[in-house]
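Report on the structure given below.
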Amino acid sequence: MSGYEVTGFEQAWEAVADVNGWMTRGQAQALFAAGRRCPEHGTIVEIGSFQGRSTIVLALAAPATARIFAIDPHAGNDRGPEEIDGFADAAADDHACFLANLAAAGVNDRVTHLRRFSDDAHTYVDGQLDVLYVDGAHRYGPARKDIRDWGKRVSDGGTLLIHDSFSSVGVTLAIVRELMFGRRFRYIGRSRSLTTYRADLSGRMFGNAARQAKQLAWFVKNIALKLALKLGLGKLMRRLGRQAPEWPY
């Protein structure tokens, strides 16, 4: 399958069926829609690629002339839920899988991989961004820097997507600090923990803040669920023959 031949979302979703990662069908649809909105010769930046699941969806959706940058150091850190540190032995495998998955989907020639941390990658991407997808480090400091510093580079009318919104504590605090009462990014909606923003907010700051504040109830539910799972809820439910809830993402 080649990225230049994809005509719809179903083909893109099929292309990532066997790619490891934390991205639901609804979240993939949001990414695909953002990639479709990218103009000819536009620029897409993804922060946090893991093994390429989201990268492939964006690349298959984008115009053939778009530039696509995937920023991920593949250092064995911030790999996914409960996998923040201590996976250095998996780094080489993650990188190899990423390259192999892009090649299998036919998009390896469309994506420029920057194997470095996001705050060190600015000089490798010139100009403004039409689509920015943030799914990097989930701690408050790095998440805020990604949203703030890379967000400044999103062009007027461009799209910002953030994974683990209103699920991760660090990412949610960063959103509250940088976007909830911001004057530029309009909250569009959420597919589980993937939020979509558009850089076209004009004079509707308080309504925009209220729409985001409503998501905090879901955030509280997620935190409670994570705590329960850490305390053994999943094991207990499996012993009782019931399906345990998955880690929210």
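Scanning the range 105-131 for residues that are part of a helix (DSSP H, G or I) and either in contact (Cβ under 8 Å) with a residue 60 or more places away in the chain or not assigned by TED's automatic domain parsing to the domain that holds Arg198 (or both) turns up Ala105, Ser118.
Of note, Ser191 does not satisfy the criterion of being assigned by TED's automatic domain parsing to the domain that holds Leu58, in contact (Cβ under 8 Å) with a residue 12 or more places away in the chain, under 23 Å from Ser118 (Cβ atoms) and in contact with a strand residue (DSSP E or B) (Cβ under 8 Å, 6 or more places away or on another chain). Only a single criterion out of (1) within 12 Å of the chain's Cα centre (by Cα); (2) over 18 Å from His122 (Cα atoms); (3) crowded, with 21+ Cβ neighbours inside 10 Å; (4) touching a residue at least 40 places away in the same chain (Cβ under 8 Å) is not satisfied by Thr24, namely (3).
Residue check: is Glu46 charged (D, E, K, R), under 21 Å from Ile175 (Cα atoms) and modelled with pLDDT of 95 or more?
Working: charged (D, E, K, R): yes; under 21 Å from Ile175 (Cα atoms): yes; modelled with pLDDT of 95 or more: yes.
Yes: the conditions hold for Glu46.
Exactly one of (1) out of contact with any helix residue (DSSP H, G or I) (no Cβ under 8 Å at 6 or more places or on another chain); (2) in the same structural domain as Leu161 (by TED's automatic domain parsing); (3) assigned to a helix (DSSP H, G or I) is unmet by Leu179. Its number? Condition (1) is where Leu179 drops out.
Counted as qualifying within the range 192-239 are the helices (runs of 4 or more DSSP H) with 2 or more residues that are modelled with pLDDT of 95 or more, namely 205-213, 216-230.
The values are calculated or read from the model by the stated rules, or taken from the named source; none is laboratory data. Because the structure is a prediction, the values reported are computed rather than measured. Cβ coordinates were reconstructed from backbone atoms using ideal geometry, including for glycine residues, and neighbour counts include every protein chain displayed.
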